[in-house]
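See below for the structure under consideration.
The values are calculated or read from the model by the stated rules, or taken from the named source; none is laboratory data. Keep in mind it's a predicted model, so treat the numbers as computed, not measured. FYI the Cβ positions are ideal-geometry reconstructions off the backbone, even for glycines, and counts take in every protein chain you see.
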Amino acid sequence: MVLNVGVIGTGNIGSDHVRRLATQVSGARVAALFDVDGERAGAVADRVGARVHSQAADVIEDIQVDAVVIASPGDTHADLVLACVAADKPVLCEKPLATTVESALKVLEAEVAHGRRLTRVGFMRRHDPGYRAVKVAVDDGSVGEPLLMHCVHRNASVPAGFTSDMSLTDSVIHEIDAARWLLGDEIVAATVVAVRPSPLATNGMRDPQLVLLETAGGAVVDVEVFLHCQYGYDVRCEVVGANGTVSLDTPTTGALTRSGRREQAVPEDWRVRFAPAYLDELQQWVDGVASGNGGGGGSSAWDGYAATAVAQACVASLSSGARTAVGLVDRPTLYA
């Protein structure tokens, strides 16, 4: 069986998804595309033999589309996922699931009312071999009870128009999901600590930022987010347990040691660093849909909702400078 996939959004991540689905993922083909930039969508479609629709809704309603990938701007995600649920079509939605807690909750409620999990959220770190190794060490008790988690998220630079809030909702949201997943616990409070801004930060951004997250079980997570670090894309984490630690450092393409020096390559961006994770995510999603479990597995609509709620608490703390509680609704049994 070949899964016919429609893709909404053909920008950087969307066009990458199209390429992987067409050339690397087994059991899938790209059947239809939409982007507000029709010329760009047409160029991408020509490379994979897909149809181009004039509206996003047409992709979802296309009877020849079995499942949908959403890679459009974040503020469009919730409405598009709601349309997929209404059409009973599995959907892989890039993060965030929604840009507001209220919109995320609407998706959650719609899926619960539908009675079947159809939504997977694109938190690709769950598919990265390094993060999975950390998860195994935490789950099998190798480090004992988790007490602390340290995270680093650095970009060489970010596009014009990126804001201080987006540091939290577009970047730290990955650490939020990773912490929830690795520690197996919900985050109940967030505090954003003021840091002297880099002179290279643009548009008055507060960059870097230090974020403190508290879990229901009492573990504390600190996240350094620095989006103008200049030297490359650097993501790390360490879980400190009662009996030991497990850490993930920036993977390299090799280390050169000579003349009393050691040099290691740093990925230039997220596309390089997480390319294998994106491929694994897509393959697992296609396999899951083909086996009949809809969007089951991976990050669920609940995970998307919880991450959005924590990110919004971070934004509130950034504004107020105070510790901000995270309020979540009771977890529906559909996501048990």
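From the residues in region 67-116 that are basic (Lys, Arg) and farther than 16 Å from Ala307 by Cβ, which one is surrounded by the most Cβ atoms within 10 Å (Cβ to Cβ)? Ranking the qualifying residues of region 67-116, first place goes to Lys89.
Looking across Leu248, Leu200, Leu213, Leu256, one residue alone is surrounded by 17 or more Cβ atoms within 10 Å (Cβ to Cβ), over 17 Å from Leu318 (Cα atoms) and not acidic (Asp, Glu). It is Leu248. The residues of region 248-275 that are within 25 Å of Ser15 (Cα to Cα), in contact with a helix residue (DSSP H, G or I) (Cβ under 7 Å, 6 or more places away or on another chain) and of a type outside the set (D, E, K, R), listed by number, are Pro251, Pro267, Phe274. The listed residues are Arg262, Arg273, Arg331, and the only one of them that is basic (Lys, Arg) and touching a Leu at 6+ places or on another chain (Cβ under 9 Å) turns out to be Arg262. Inspection of region 143-165 finds a residue satisfying the criterion of being in the same structural domain as Pro251 (by TED's automatic domain parsing), more than 15 Å from the chain's Cα centre (by Cα), over 23 Å from Cys314 (Cβ atoms) and buried (at least 16 other Cβ atoms within 10 Å of the Cβ). Filtering region 149-162 to residues that are in contact with an Asp or Glu (Cβ under 9 Å, 6 or more places away or on another chain) and assigned to a loop (DSSP other than H, G, I, E, B) leaves Asn155, Ala156, Val158, Phe162.
Could you tell me whether any residue of region 292-305 is modelled with pLDDT of 95 or more, of a type in the set (D, E, K, R) and buried (at least 17 other Cβ atoms within 10 Å of the Cβ)? Yes, region 292-305 has at least one match. For region 1-43, filtered to residues that are of a type in the set (Ser, Thr, Tyr) and surrounded by 15 or more Cβ atoms within 10 Å (Cβ to Cβ), the residue that is nearest to Val272 (Cα to Cα) is Ser15. Which of the residues spanning region 313-334 are buried (at least 16 other Cβ atoms within 10 Å of the Cβ) and either in contact with a His (Cβ under 7 Å, 6 or more places away or on another chain) or of a type in the set (Ser, Thr, Tyr) (or both)? If the condition is that a residue be buried (at least 16 other Cβ atoms within 10 Å of the Cβ) and either in contact with a His (Cβ under 7 Å, 6 or more places away or on another chain) or of a type in the set (Ser, Thr, Tyr) (or both), then Ser317, Thr324 are the ones that fit.
Which one is modelled with the highest pLDDT among residues in region 250-268 that are in contact with a strand residue (DSSP E or B) (Cβ under 7 Å, 6 or more places away or on another chain) and assigned to a loop (DSSP other than H, G, I, E, B)? The qualifying residue modelled with the highest pLDDT is Val266.
When residues in region 191-213 are screened for being farther than 12 Å from Val225 by Cα and of a type in the set (D, E, K, R), 1 of them pass.
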